[in-house]
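**Q** So that we are looking at the same thing, I have put the structure below in structure tokens.
The values are calculated or read from the model by the stated rules, or taken from the named source; none is laboratory data. A quick note: this is a predicted structure, and the numbers were derived from the prediction, not measured. Calculation scope for accessible area: heavy atoms of the full protein, side chains included, ligands and nucleic acids excluded. Shrake-Rupley method; radii C 1.70, N 1.55, O 1.52, S 1.80 Å.
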Amino acid sequence: LVGQKESLIAHHFTYQEQINGLPVHGGEITVSIAKRDGRVLRTFNSIYPLDERAGQLAKSGIDQDTAFDIAWNRVRAHGELRSVPHARLVYSPEGAGFRLNWIVDLDLEGPDGAWQVRIDAVTSE
């Protein structure tokens, strides 16, 4: 369970798909439960099917600091940070399988913008 919201007619619960304790990027289910009678009003599903190989997926070969350095160099950062950078280790769906990635968010003055860099956590690409 990663989120709960309330609307006029329902309680909405969002669940994050995980593999080996790490989130699957974009993999979520939201269930809306009616306040009046407790029945399921609707569900939204963007999870990805897993098979028996899911428990055998790659482990990260680079740490978070290395991911920050790679992202900084990739966008050719030369300005000040406008907010604290953020990095998260996720499994990204790719074809019929998953790739372990660091997703690094940088909000920079130069080059101006909010940048999101995806780095392969095994190969550093």
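**Q** Can you give the Rg/Rh ratio of the range 46-125, where Rg is from the C-alpha atoms and Rh is the Kirkwood radius? Don't skip to the end; give the middle numbers.
**A** Working: Rg = 14.3 Å, Rh = 13.6 Å.
Taking Rg over the Kirkwood Rh, I get 1.05.
**Q** May I ask you to evaluate 6.51 cos²θ - 1.76 cosθ + 1.60, the Karplus curve with θ = phi - 60°, for each residue of the range 108-125 and list the ³J(HN,Hα) values in order in whole Hz, giving x for glycine and proline?
**A** 10, 7, x, x, 4, x, 9, 9, 10, 10, 9, 10, 4, 6, 9, 9, 6, 6
**Q** Report, in whole Å, the centroid distance computed from the Cα atoms of the range 1-53 and the range 75-125.
**A** First find each Cα centre; the distance between them is then 25 Å.
**Q** How much accessible surface does residue 37 have with a 1.4 Å probe, in Å² rounded to 10?
**A** Here the accessible area works out near 80 Å².
**Q** Anyone know which of 110, 95, 26 comes out most mobile in the 10 Å Cα GNM of the chain?
**A** In the Gaussian network model the winner is 95.
**Q** Pick from 96, 87, 71: which residue has the top mean-square fluctuation in a GNM of the chain where Cα pairs under 10 Å get a spring?
**A** Among 96, 87, 71, the largest GNM mean-square fluctuation belongs to 96.
**Q** Next up: What residues have an amide H closer than 5 Å to that of residue 47, excluding those fewer than 5 places away on the same chain, when H is modeled at 1.01 Å from N in the peptide plane?
**A** Amide H neighbours of residue 47, under 5 Å, 5+ apart: 28.
**Q** Okay, moving on. Please give the helix 64-74 orientation as an angle from the longest Cα principal axis of the chain, in degrees from 0 to 90, rounded to the nearest 10.
**A** 70
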